[in-house]
Amino acid sequence: EAYDLGIRAIMFFGVPNSKDDIGTGAYIHDGVIQQATRIAKKMYDDLLIVADTCLCEYTDHGHCGVIDDHTHDVDNDKSLPLLVKTAISQVEAGADIIAPSNMMDGFVAEIRRGLDEAGYYNIPIMSYGVKYASSFFGPFRDAADSAPSFGDRKTYQMDPANRLEALRELESDLKEGCDMMIVKPALSYLDIVRDVKNHTNVPVVAYNVSGEYSMTKAAAQNGWIDEERVVMEQMVSMKRAGADMIITYCKDICRYLDN
């Protein structure tokens, strides 16, 4: 359906049937993203596939990495090799772009090194480098059953009150080899989109997240807003702020544009 509407770039997220404490389903050969990628590429060879590279949808505790048994925090260094395995597995299945979203320290450098060593020099990395610890992620976490079973992700995602940290994260990821930079969420962080755009020449990606989408849908269903006009105004606002690309729920937008 998306392809028939003219969409030629999609992002895959995995919702596996089973989970474990180290997110094995993220990097196995027959993982859900790997299977979906192979099928989609076989059906549509001109479809660009972006693979979300993280462990949270695959861990039984819902965190984005391996949990240290003693501190009960995410172990950054033990998590990195698993993210590299995930990225390589996704590319082997046919993913065109790797989008690591876990926010571990050094994750871009490790994934870039791993891809290069595996011979995938030309695979770009779309980093979720500017990702805030946001309440707007709630509907997605419910849909993917990936909410943390304890604690939260504030130790490795960014403080919504902190503006300068975005530029530090941007600088770090650029040095590590990222090719595109995501700002997530988008609508409540348009100032950050502009800041990032002003400080880099790599493409800036605004991520229109599930909470933003759900609020718009709920308001439209209650007759409070004109959905099409509000959605298109939101898209324009992200472009105006400096986004080169937008990750969003795009089927409705394609229908609006066709009309």
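Assessment of segment 62-77 against the conditions (part of a helix (DSSP H, G or I), farther than 15 Å from Ile49 by Cβ and touching an Asp or Glu at 6+ places or on another chain (Cβ under 8 Å)) yields at least one matching residue. Looking at Thr53, is it among the hydroxyl-bearing types (Ser, Thr, Tyr) and under 17 Å from Phe107 (Cβ atoms)? Considered against the rule, which asks whether it is among the hydroxyl-bearing types (Ser, Thr, Tyr) and under 17 Å from Phe107 (Cβ atoms), Thr53 comes out as yes. None of Ala26, Ala51 is more than 30 Å from Asp258 (Cα to Cα), within 19 Å of the chain's Cα centre (by Cα), surrounded by 22 or more Cβ atoms within 10 Å (Cβ to Cβ) and touching a residue at least 40 places away in the same chain (Cβ under 8 Å) except Ala26. Scanning segment 105-162 for residues that are in a loop (DSSP other than H, G, I, E, B), at pLDDT below 55 and aliphatic (A, V, I, L, M) turns up just one, Ala147.
Look through segment 178-209, keep the residues that are among the acidic types (Asp, Glu) and closer than 18 Å to Arg168 by Cβ, and return whichever of them is surrounded by the fewest Cβ atoms within 10 Å (Cβ to Cβ). Only one residue fits best here, namely Asp191. Selection of helices (runs of 4 or more DSSP H) fully inside segment 198-259 by the criterion of at least 2 residues being modelled with pLDDT under 95 returns 210-221, 251-258. Considering only residues that are in a helix (DSSP H, G or I) and of a type in the set (Asp, Glu), which ones fall in segment 163-196? Scanning segment 163-196 gives Glu165, Glu169, Glu171, Asp173, Glu176, Asp191, Asp195. As an exercise: evaluate Lys42 against (1) more than 22 Å from Met180 (Cβ to Cβ); (2) among the basic types (Lys, Arg); (3) in contact (Cβ under 8 Å) with a residue 12 or more places away in the chain and give the number of the one condition it does not meet. Evaluating Lys42 over (1) more than 22 Å from Met180 (Cβ to Cβ); (2) among the basic types (Lys, Arg); (3) in contact (Cβ under 8 Å) with a residue 12 or more places away in the chain leaves (3) as the failure. Residues that are in contact with a His (Cβ under 9 Å, 6 or more places away or on another chain) and not β-branched (Val, Ile, Thr) occur in segment 38-56; there is at least one.
Each residue in segment 82-106 was checked for being over 28 Å from Ile39 (Cβ atoms) and either surrounded by 20 or more Cβ atoms within 10 Å (Cβ to Cβ) or more than 18 Å from the chain's Cα centre (by Cα) (or both), and 2 pass.
The values are calculated or read from the model by the stated rules, or taken from the named source; none is laboratory data. Here the structure is a predicted model, which is why all the values come from computation and not from measurement. FYI the Cβ positions are ideal-geometry reconstructions off the backbone, even for glycines, and counts take in every protein chain you see.
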